[in-house]
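Note sheet for the following structure.
Just so it is clear, none of the values below were taken in a lab; they were calculated from the coordinates. Worth saying up front: this structure is predicted, and the values here are computed from it rather than measured. Cβ: placed from backbone, ideal geometry, glycine included. Neighbour counts: every protein chain shown.
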Amino acid sequence: MAKNNRYESTFIVKGSLEDKDIDPVIAKTEDFIQKNGATIIEMERWGRRKLAYTIGRETQGFYVSAHFTAPGAIVGRMERMFTLDENVIRFLTLAMPDSAVKGRVAMKKRADEVQSKREAAGQVTEVAI
């Protein structure tokens, strides 16, 4: 049995597409990951952002980051799928070492704490007025 590694795959969908056309591209990626024996940990939609430079006449892109555990063989097949999909303009898949996973968990925990404090401060301010 092949060892499952943790991966992060970030891809950019053409920014000229409407939101209703972007969702199927993301769903296709999710289906591909699951059908190839992987487990999705998180799919982050970062949203539309301006590209640092023009890529094939595109000046904006919709960024998506997928975190998943899978056997190593899936990476090549997934990158081939991205290459063949005309709506994906860039992609990068990285193996996540344990230290990066721990750092990511700590960062998310800290972000949640900050968000909770902001919400609590906002509620106190609303009550005081």
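Could you tell me how many degrees, from 0 to 90 and to the nearest 10, lie between the Cα long axis of helix 73-84 and the main elongation axis, the longest principal axis, of the Cα atoms of the chain?
The angle comes out at about 90 degrees.
Step through the residues of segment 107-115 one at a time and calculate ³J(HN,Hα) from phi using the Karplus curve (6.51 cos²θ - 1.76 cosθ + 1.60, θ = phi - 60°), rounding each to whole Hz and writing x for Gly and Pro.
Whole-Hz 3J(HN,Hα) from phi for segment 107-115: 5, 5, 4, 5, 4, 5, 5, 5, 4.
For q values of 0.22 Å⁻¹, compute log₁₀ I(q)/I(0) with the Debye formula on a Cα-only model of the chain, without solvent.
Debye curve over Cα of the chain, log10 I(q)/I(0) at q = 0.22 Å⁻¹: -1.25.
Considering amide H positions built from the backbone, and no H for Pro or chain starts, which residues 5 or more places from Met96, or on another chain, come under 5 Å of its amide H?
Close amide H contacts, sequence-distant or interchain: Arg6, Tyr7, Glu8.
Charges at C-beta only: +1 for Lys and Arg, -1 for Asp and Glu. How large is the resulting dipole of the chain about its Cα centre, in Debye rounded to 20?
420
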